[in-house]
Amino acid sequence: MIGILCEDVEKIVVQEFFELFKTPWEYFVEGRSYDVVISTQNKKIDVITNLLIVYSSKKVWFDSLEGITVCSELKNLSVEAEGKELPIYGNILSFKGTGEPLVMIKGNSEVVGFKIDSSKGKIVRVGYDLIEEVTFLLSVGQPIENAYIPTLEIHIMMLRNWILDAGIPLVEIPPVPTGYNFIACLTHDVDFLGISKHKLDHTMWGFIYRASVVSLFNVLKGRLSLKRLILNWKAVFSLPFVYLGFCKDFWIQFGKFLEIEKDLKSTFFLIPFKNRAGKRVSSQHPERRATRYDITDMREWVDTLIRFGYEIGVHGIDAWHSYEKAKEEFKQVFEVIKKSEIGIRMHWLCFNQCSPEVLENASFCYDSTFGYNETVGYLAGTTQVFRPFGVRNLLELPLHIQDMALFSSKRLGLTEDQAWRLSEDMFNNLSVYGGVLTILWHMRSLAPERLWGDFYVRLLEELRVRRAWIGTALQVVEWFRRRRALSFREACFDGNKLRLSFTYDGKEPDSNLKLRIHLPRLEGSSLSEGRRNYVDIPWNGEREVELSF
């Protein structure tokens with residue numbers, strides 16, 4: 001059991017951190033013995049523990065007691081630990097000539113974290129505030145330059161490794177369903193319901209220019225195949241016939257998604273009200289945020305998607321900042337789909353720190369806006385669904401990969417080979433940390449002038465090969481909600497036996513939850529020798545479990 005010493009104001013962050021690092025813990029009780037004690041406060045107290053971990057960017061009582069020399073105070077730098085880069089967004093304290101280095105300032109030899117053996121047992125001293133870092137990641141999010149780093153997952157990994165390196169076994173409920181390697185969530189924002197609704201406006205002229213002129217230049221630069229150029233030009237020449245109703249509207253791609261996703265299911269986020277650009281939009285040309293359709297224009301397609309097991313969510317306009325508008329948008333979609341469990345992703349990813357509370361009060365059960373427009377990666381530093389601060393029930397499904405960020409010339413502007421290498425890095429992270437990869441593929445991205453359908457099909461094939469469990473946004477959120485509902489009441493390692501007791505306050509127990517039992521690294525083995533030993537055991541719903549290993 002881990003005992004946590006923290007300030008009262010930090011408890012809400014501690015609770016969320018241990019929903020992500022799902023291992024037995026409790027707030028420190030004086031006089032009680034713990035396998036591990038983690039302290040984030042400057043309060044002298046006697047602890048009975050095998051391992052004490054102290055996080056603080058300030059000098060604490062413990063430093064003088066152990067003769068630890070503070071070297072310098074730094075801020076907003078990257079550190080290195082176990083071969084990984086870790087951005088630190090708050091204050092950093094470095095130390096001089098003490099113990100075995102664990103964490104170093106990137107690019108020099110200054111020590112930020114180390115371990116020592118003292119009369120009180122094994123001690124790890126870390127010169128930054130873990131709680132401050134978690135707070136920043138889950139509320140503000142990482143800057144674009146660190147987007148590719150799953151920072152919060154690395155914090156969890158480092159803490160887990162320090163515990164195991166101290167010879168202490170550990171049990172957790174990993175963010176990975178039984179029988180799979182990770183989770184994937186396929187989503188589609190529907191910003192346009194056909195090009196036929198756009199006559200002689202900026203959308204139509206922009207399409208013609210990109211499909212004809214830009215496509216030709218991309219062929220000359222080797223960025224587009226001749227086959228795709230022909231498809232784009234063919235679409236341009238067919239426009240008059242699309243407007244006259246003689247040709248199919250090639251921007252309506254619901255049927256194509258049903259065809260290529262086959263047995264997989266995804267979530268379509270639909271606009272609730274047409275001709276509304278929304279308020280408080282600071283981007284260039286905010287008037288272009290208004291759409292020419294809303295959900296009432298596509299009732300037949302909505303019924304078809306629901307019948308085939310797809311999910312319909314809200315592609316919100318003003319819900320991110322206005323409770324009244326949020327309720328109105330919720331009601332509009334509810335009256336069409338007749339389902340009360342509705343999620344939302346904001347159009348253009350508009351969001352602020354007050355948005356989660358506004359959306360929860362308007363009855364949304366999850367949001368999936370927390371991601372980047374300009375790039376792909378981990379805005380919250382995590383691969384996991386989390387609960388934003390200030391709400392009780394709403395969960396955040398972070399967005400990781402979107403087509404426009406990958407391929408648009410105004411964003412990353414990658415070739416397909418470059419985009420694939422970046423996507424592979426994210427797949428590899430999921431294989432290490434678990435969690436969910438949320439993918440956004442806009443509906444018109446299968447059509448001319450984008451023609452990004454082949455890349456999307458390749459992503460789906462890779463998800464199958466890597467044994468990802470693929471669900472709708474609501475299904476994924478509900479899986480994490482059931483994981484959150486399962487908590488350790490007691491955990492006791494006794495020799496080669498482990499006794500566990502649980503509390504569960506969710507819906508029917510999920511048979512896809514599992515227990516992961518980590519055995520500590522053998523003394524003298526190197527970090528490269530397989531790193532860890534662990535065994536996964538499906539949780540069968542029992543509240544009392546005894547295991548031998």
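Observations on the structure shown:
- Every listed requirement among (1) in contact with a Phe, Trp or Tyr (Cβ under 8 Å, 6 or more places away or on another chain); (2) within 17 Å of THR291 (Cα to Cα) is met by ASN275 save one, (1).
- The residues of the range 144-172 that are of a type in the set (D, E, K, R) and in a helix (DSSP H, G or I), listed by number, are GLU145, GLU153, ARG160, ASP165.
- Residue check for ARG489: surrounded by fewer than 20 Cβ atoms within 10 Å (Cβ to Cβ), at pLDDT 90 or above, touching a strand residue (DSSP E or B) at 6+ places or on another chain (Cβ under 6 Å) and over 19 Å from VAL535 (Cα atoms): yes
- Positions within the range 260-289 being farther than 21 Å from ALA447 by Cβ and among the aliphatic types (A, V, I, L, M), in sequence order: ALA277, VAL281
- Here the condition is being in a helix (DSSP H, G or I), surrounded by 21 or more Cβ atoms within 10 Å (Cβ to Cβ) and touching a strand residue (DSSP E or B) at 6+ places or on another chain (Cβ under 7 Å); of PRO356, PRO398, it holds for PRO356 alone.
- Candidates are the residues of the range 230-287 that are assigned by TED's automatic domain parsing to the domain that holds VAL457, among the aliphatic types (A, V, I, L, M) and assigned to a helix (DSSP H, G or I); the one that is nearest to ILE312 (Cα to Cα) is LEU258.
- In the range 191-209, residue nearest to ILE317 (Cα to Cα) [restricted to those that are in contact with a Ser or Thr (Cβ under 9 Å, 6 or more places away or on another chain) and not acidic (Asp, Glu)]: PHE192
- Test set (1) of a type outside the set (D, E, K, R); (2) more than 24 Å from VAL171 (Cβ to Cβ); (3) crowded, with 16+ Cβ neighbours inside 10 Å - VAL37 fails condition number: (2)
- Restricting the range 427-444 to residues that are in contact with a Phe, Trp or Tyr (Cβ under 9 Å, 6 or more places away or on another chain) and among the polar types (S, T, N, Q), the residue that is nearest to LEU349 (Cα to Cα) is ASN429.
- Screening GLU133 on (1) touching a residue at least 40 places away in the same chain (Cβ under 8 Å); (2) surrounded by fewer than 18 Cβ atoms within 10 Å (Cβ to Cβ); (3) closer than 30 Å to ALA405 by Cα shows it passes everything except condition (2).
- The residues of the range 1-34 that are aromatic (Phe, Trp, Tyr) and surrounded by fewer than 18 Cβ atoms within 10 Å (Cβ to Cβ) amount to a single one, TYR27.
- Residue count for the range 328-353, restricted to those that are more than 26 Å from the chain's Cα centre (by Cα) and assigned to a helix (DSSP H, G or I): 7.
- Scanning the range 12-51 for residues that are in contact (Cβ under 8 Å) with a residue 40 or more places away in the chain and either acidic (Asp, Glu) or in the same structural domain as GLY435 (by TED's automatic domain parsing) (or both) yields GLU16, GLU19, ASP35.
- Top-ranked residue in the range 53-73 [being within 34 Å of the chain's Cα centre (by Cα) and modelled with pLDDT under 85; ranked as farthest from GLU100 (Cα to Cα)]: GLU73
- Condition check for ILE92: surrounded by fewer than 16 Cβ atoms within 10 Å (Cβ to Cβ) and of a type in the set (A, V, I, L, M): no
- Test for ILE470: is it of a type outside the set (Asp, Glu) and at pLDDT 95 or above: yes
- Criterion (touching a strand residue (DSSP E or B) at 6+ places or on another chain (Cβ under 7 Å) and modelled with pLDDT of 90 or more) met by exactly one of ILE144, ILE156, ILE123: ILE123
- Listed here are the strands (runs of 3 or more DSSP E) enclosed by the range 2-105 that have at least 2 residues being not hydrophobic (A, V, I, L, M, F, W, C): 25-27, 33-39, 48-55, 69-81, 84-96, 100-105.
- Selection status of LEU224, under 32 Å from the mean Cα position of the chain (by Cα), part of a loop (DSSP other than H, G, I, E, B) and of a type in the set (A, V, I, L, M, F, W, C): yes
- Boolean, GLY113 is assigned to a strand (DSSP E or B), under 23 Å from LEU138 (Cβ atoms) and touching a Leu at 6+ places or on another chain (Cβ under 6 Å): yes
- Some residue of the range 433-441 being of a type in the set (S, T, N, Q), farther than 25 Å from LEU216 by Cβ, assigned to a helix (DSSP H, G or I) and touching a residue at least 40 places away in the same chain (Cβ under 8 Å): no
- Any hit, the range 111-130, residues being out of contact with any Pro (no Cβ under 8 Å at 6 or more places or on another chain), without any contact (Cβ under 8 Å) to a residue 60 or more places away in the chain and among the aromatic types (Phe, Trp, Tyr): no
- Flag for LEU224 being crowded, with 19+ Cβ neighbours inside 10 Å and over 30 Å from LYS325 (Cβ atoms): yes
- Subset of the range 401-413 that is polar (S, T, N, Q) and surrounded by fewer than 24 Cβ atoms within 10 Å (Cβ to Cβ) - its residue that is farthest from PRO356 (Cα to Cα): SER409
- Boolean, GLY495 is outside the structural domain of PHE18 (by TED's automatic domain parsing), among the small types (Gly, Ala, Ser) and at positive phi: yes
The values are calculated or read from the model by the stated rules, or taken from the named source; none is laboratory data. Everything numeric in this text was worked out from a predicted model, so none of it was measured. Note: ideal-geometry Cβ built from the backbone for every residue, glycine included; neighbour counts use all protein chains shown.
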